[in-house]
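Undergrad: One structure, as structure tokens, below. Some questions next.
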Amino acid sequence: MVRKLGIALLGALLVCAGSVNNGFAAEKILKVGVGDAIDSDAGVFAQKFKEIVEQKTKGAVEVQIFPNCSLGDEGEMFQNVRRGTLDMTCIGVGNAVPFVSPLGVYTLPYLLTNDEEVVKATTGEMFEYFNNAAINRGGVRILGHCYTNFRHLTNSVRPVTKLEDVKGLKIRVPASKINVATYQAWGANPVPMGWAETFTALQQGVVDGQDNPYVVNYTTKIHEVQKYLTEVHHQYSLQPLFIGEKHFKKMSPELQTVLTEAGMEAQMYILEWQKENSVKARDAMAAAGMQISTLQDEAEWEKRARAVWPEFYDFVGGKEVIDMVLTAIAK
């Protein structure tokens, strides 16, 4: 199935047109800020992007990767990309939503429920629509999406296997209204917080838990400060690679082509990589003593979460935008 999706993605994305040997003199070094660890999905995505760019430019352009929020929290890096003081950043889409509200569609709970739907929602006409929204609303361009799988819930208080178990838990969420409303619908206490602060907040008990995909949880060592993980499928985590539109437009056409192709090729690569490595990360955390549970009543979680959608119709650009995505994913 994953290989078939990779083939479908290849057909939907821009196909590599070969290396270009000129037009790179103005850009010797490009810095990419990444929110997660270098061995996470986003880190691997950034490394593949670097490899492709440097190959296509024959080393004329060097891509430098700065993982673990070393250039600032995700929201800060996004703002710096908008300002042009940072070349690019690969961050959780929820941290971009406060600045580009239409991207909130990707965070609506239980909208995208499997890999095939996610690919359809992030390629072709859907990619163009949301990329244009990012350009027009936020002054940033999406070069590609890092696919990182579902955001599973972790906490240090108790196993969560049914809705009543999550009530009252303080859960760190990105600073997105949709994420906040989702956890409130479940009876939890969502706490908007920057990703760079989260590990320490979990360690000190400031918050009880958080949600992130398996590879992110494992490479960030969440299992060292959280005992319980519950597989929840409310949000498929996307981490777009953003570049400032003004900065992009100042680049040579040759370099624009290389960056666009590299983003698409890295997006295609990570689709298969994350599936295999999500399983490895899950098994490693279980071996380290983390208790992993599934929900007994996820249908009720979905029912309550989807009830918040109408609150955000205007926020994401209208109900018609959601309907457009539903049509694209044949749902």
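The values are calculated or read from the model by the stated rules, or taken from the named source; none is laboratory data. None of the values given here were measured: they were computed from a predicted structure. Methodologically, a virtual Cβ is constructed for each residue, glycine included, from the backbone with ideal geometry; neighbour enumeration extends over all protein chains shown. Just the protein is used for accessible areas: all its heavy atoms, side chains included, with ligands, DNA and RNA removed. Shrake-Rupley method; radii C 1.70, N 1.55, O 1.52, S 1.80 Å.
Undergrad: Pick from Ala60, Ala299, Ala196: which is most flexible by mean-square fluctuation in a GNM of the chain where alpha carbon atoms under 10 Å apart are linked?
TA: Ala299
Undergrad: A further question on this structure: List the residues whose amide H sits under 5 Å from the amide H of Thr148, counting only those 5 or more places along or on another chain, with H placed 1.01 Å from N in the peptide plane.
TA: Ser237, Gln239
Undergrad: Between Ile135 and Ala307, what is 0.36 nm times their sequence separation minus the Cα-Cα distance? Round to one decimal in nm.
TA: 58.9 nm
Undergrad: Tell me the angle of helix 124-133 to the major Cα principal axis of the chain, expressed in degrees between 0 and 90 and rounded to the nearest ten.
TA: The helix 124-133 is inclined about 90 degrees to the chain.
Undergrad: Can I ask one more? Compare Gly318, Gly104, Gly144 in a GNM of the chain, Cα atoms joined below 10 Å, and give the one with the largest fluctuation.
TA: Gly318
Undergrad: If you don't mind, another one. What whole-number value in Å² describes the accessible area per residue of the range 137-195 for a 1.4 Å probe?
TA: 29
Undergrad: Total Lys pairs in the range 195-294 closer than 26 Å by alpha-carbon, pairs eight or more apart in sequence or interchain only?
TA: The result is 4.
Undergrad: While we're looking at this one, here's another question. About its Cα centre, what dipole magnitude does the chain give when the only charges are +1 on Lys and Arg Cβ and -1 on Asp and Glu Cβ, stated in debye to the nearest 20?
TA: The calculation lands at about 320 debye.
Undergrad: Moving on to the next point. With every protein chain present, what accessible area does Tyr129 have (1.4 Å probe, heavy atoms only), rounded to the nearest 10 Å²?
TA: My reading of the accessible area for Tyr129 is about 90 Å².
Undergrad: Of Phe130, Leu153, Val105, which is farthest towards the positive pole of the range 96-197's charge dipole, taken about the Cα centre with +1 and -1 on the beta-carbons of Lys, Arg and Asp, Glu respectively?
TA: In the range 96-197, that residue is Leu153.
Undergrad: If you fit an axis through the alpha-carbon atoms of helix 195-204 and take the longest principal axis of the Cα set of the chain, what angle between them do you get, 0 to 90°, nearest 10?
TA: That works out to roughly 30 degrees.
Undergrad: Return the lysines within reach of Lys177: Cα separation strictly under 18 angstrom, same-chain partners fewer than 8 residues apart disregarded; answer none if there are no such residues.
TA: Here the lysines satisfying the reach criterion relative to Lys177 are Lys319.
Undergrad: Run the numbers for Asp323 and Gln296: contour at 0.36 nm per residue of separation, minus the present Cα-Cα distance, in nm.
TA: So the chain would gain 6.8 nm between Asp323 and Gln296.
Undergrad: First compute the accessible area of the chain with a 1.4 Å probe, then give the percent of it belonging to carbon and sulfur atoms.
TA: Answer for the chain is 50 percent, counting heavy atoms of protein chains only.
Undergrad: Still on this structure, I have one more. Stick to the Cα atoms of the range 21-114, pair each with every other, and give me the Kirkwood hydrodynamic radius in Å at one decimal.
TA: 14.4
Undergrad: Any chance you could run the full-extension gain for Ser252 through Gln55? It's 0.36 nm times the residue separation minus the Cα-Cα distance, nm to one decimal.
TA: Result: 69.2 nm gained on full extension.
Undergrad: Round to the nearest 10 and give me the degree value, 0 to 90, for the angle of helix 74-83's Cα axis relative to the longest principal axis of the chain.
TA: 30
Undergrad: For the chain, what does -39500 (n - 2.57) per DSSP helix run (n ≥ 4), summed and divided by total residues, give at 222 nm, in deg cm²/dmol to the nearest 500?
TA: Taken over the chain, the calculation gives -13000 deg cm²/dmol.
Undergrad: Sticking with the crude label model, points 7 Å out along Cα→Cβ, report the distance from Asp314 to Gln64 in nm, one decimal please.
TA: Label-label distance for Asp314 and Gln64, simple model: 4.5 nm.
Undergrad: At a 1.4 Å probe radius, which order do Asp41, Asp283 fall into by accessible area, largest first?
TA: Ranked list, largest accessible area first: Asp283, Asp41.
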